[in-house]
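Peer 1: My questions will all concern the structure given below.
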Amino acid sequence: MTVAPTLTGAPAPAPSPYRWAWYLPGVVAVGWGVYGLLRNVPEPLSYAVFVALGIVGHDLALAPIAAAAGWLLGRVAPAVLRAPLQVGLFGTAVLLVAATPYLSGQGLSADVPSALPFDYRTRVLVLLAILWVAMAAWTLVRFGRSRRGQSAAQE
């Protein structure tokens, strides 16, 4: 078996012969979930349609948009900004997709005030602010390092 080199050029370590033992708990968990779903769902077809639409929506909409945004940033953004922008945009997308059920307010009921008890819009905005402040700090560090590298090269 040929082992591909790592990014540094050093040979990668051979895979462990015990790696299949690490997959076993995951396979058991997925099997248990499928068993529970098939056993307790009154309309399995509606769940199958939901999963199929999620896969199609990802493959036909989300993945191409993310790939196009990454490609465009790779072409347009300066090298110092490229990685922080890509990570920030990816983090923003993941946060907004995960928060969509809470932000939409579906499930909010006067009968059950604890169903959605928090101000989720404010919390999402705070998380986005933290993310983008971290990306700005990362950009400043990268900018400082690139400036130091340029000044050292000129001397």
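Peer 1: Select, from Ala63, Ala83, Ala67, the only residue that is in the same structural domain as Val126 (by TED's automatic domain parsing), among the hydrophobic types (A, V, I, L, M, F, W, C) and under 30 Å from Trp132 (Cα atoms). Before the answer, list the steps.
Peer 2: Details: Ala63 fails: in the same structural domain as Val126 (by TED's automatic domain parsing); Ala67 fails: in the same structural domain as Val126 (by TED's automatic domain parsing).
The unique qualifying residue is Ala83.
Peer 1: If you don't mind, another one. Would a scan of region 80-89 turn up a residue that is of a type in the set (A, V, I, L, M) and not in a helix (DSSP H, G or I)?
Peer 2: So in region 80-89, the residues of a type in the set (A, V, I, L, M) come out as 80-81, 83, 85, 87, 89.
Pick out the ones that are also not in a helix (DSSP H, G or I) and you get none.
No, region 80-89 has no match at all.
Peer 1: Could you tell me which of the residues Val126, Val133, Val97 is exposed (fewer than 15 other Cβ atoms within 10 Å of the Cβ), touching a helix residue (DSSP H, G or I) at 6+ places or on another chain (Cβ under 9 Å) and in the same structural domain as Arg145 (by TED's automatic domain parsing)? Step through it out loud before you land on a result.
Peer 2: Values: Val126 fails: touching a helix residue (DSSP H, G or I) at 6+ places or on another chain (Cβ under 9 Å); Val133 fails: touching a helix residue (DSSP H, G or I) at 6+ places or on another chain (Cβ under 9 Å).
Exactly one residue qualifies, and that residue is Val97.
Peer 1: Right, another one. Could you tell me which residue of region 113-136 is nearest to the chain's Cα centre (by Cα), considering only residues that are outside any helix (DSSP H, G or I) and under 24 Å from Gly54 (Cβ atoms)?
Peer 2: Leu116
Peer 1: Under 6 Å by Cβ, and 6 or more places apart or on different chains, what pairs join a residue from region 44-57 that is closer than 16 Å to Val34 by Cβ and part of a helix (DSSP H, G or I) with one that is modelled with pLDDT under 90 and not aromatic (Phe, Trp, Tyr)?
Peer 2: These pairs meet every condition: Tyr47/Val41.
Peer 1: Could you list, in sequence order, all residues of region 80-112 that are over 15 Å from the mean Cα position of the chain (by Cα) and free of Cβ contacts under 8 Å to residues at least 12 places away in the same chain? Can you show your working first?
Peer 2: Looking only at region 80-112, we keep the residues that are over 15 Å from the mean Cα position of the chain (by Cα), and these are 80-82, 101-112.
Hits for region 80-112 are Arg82, Pro101, Ser104, Gly105, Gln106, Gly107, Leu108, Ser109, Ala110, Asp111, Val112.
Peer 1: Here is a list of conditions, (1) outside the structural domain of Val124 (by TED's automatic domain parsing); (2) surrounded by 10 or more Cβ atoms within 10 Å (Cβ to Cβ), and Ala10 meets all of them except one; can you say which number that is?
Peer 2: With respect to (1) outside the structural domain of Val124 (by TED's automatic domain parsing); (2) surrounded by 10 or more Cβ atoms within 10 Å (Cβ to Cβ), Ala10 is out only on (2).
Peer 1: Further question on the same structure: Within region 58-79, work out how many residues are in a helix (DSSP H, G or I) and either touching a strand residue (DSSP E or B) at 6+ places or on another chain (Cβ under 8 Å) or under 30 Å from Leu140 (Cβ atoms) (or both). Spell out how you get there, then give the answer.
Peer 2: Of all residues in region 58-79, those in a helix (DSSP H, G or I) come to 58-76, 79.
Applying the additional criterion that residues be either touching a strand residue (DSSP E or B) at 6+ places or on another chain (Cβ under 8 Å) or under 30 Å from Leu140 (Cβ atoms) (or both) yields 65-76, 79.
Total satisfying the criteria: 13.
Peer 1: Return yes when Gly88 is surrounded by 12 or more Cβ atoms within 10 Å (Cβ to Cβ) and assigned by TED's automatic domain parsing to the domain that holds Gly54 and no when it is not.
Peer 2: On the way: surrounded by 12 or more Cβ atoms within 10 Å (Cβ to Cβ): yes; assigned by TED's automatic domain parsing to the domain that holds Gly54: no.
No, not satisfied.
The values are calculated or read from the model by the stated rules, or taken from the named source; none is laboratory data. A quick note: this is a predicted structure, and the numbers were derived from the prediction, not measured. Cβ: placed from backbone, ideal geometry, glycine included. Neighbour counts: every protein chain shown.
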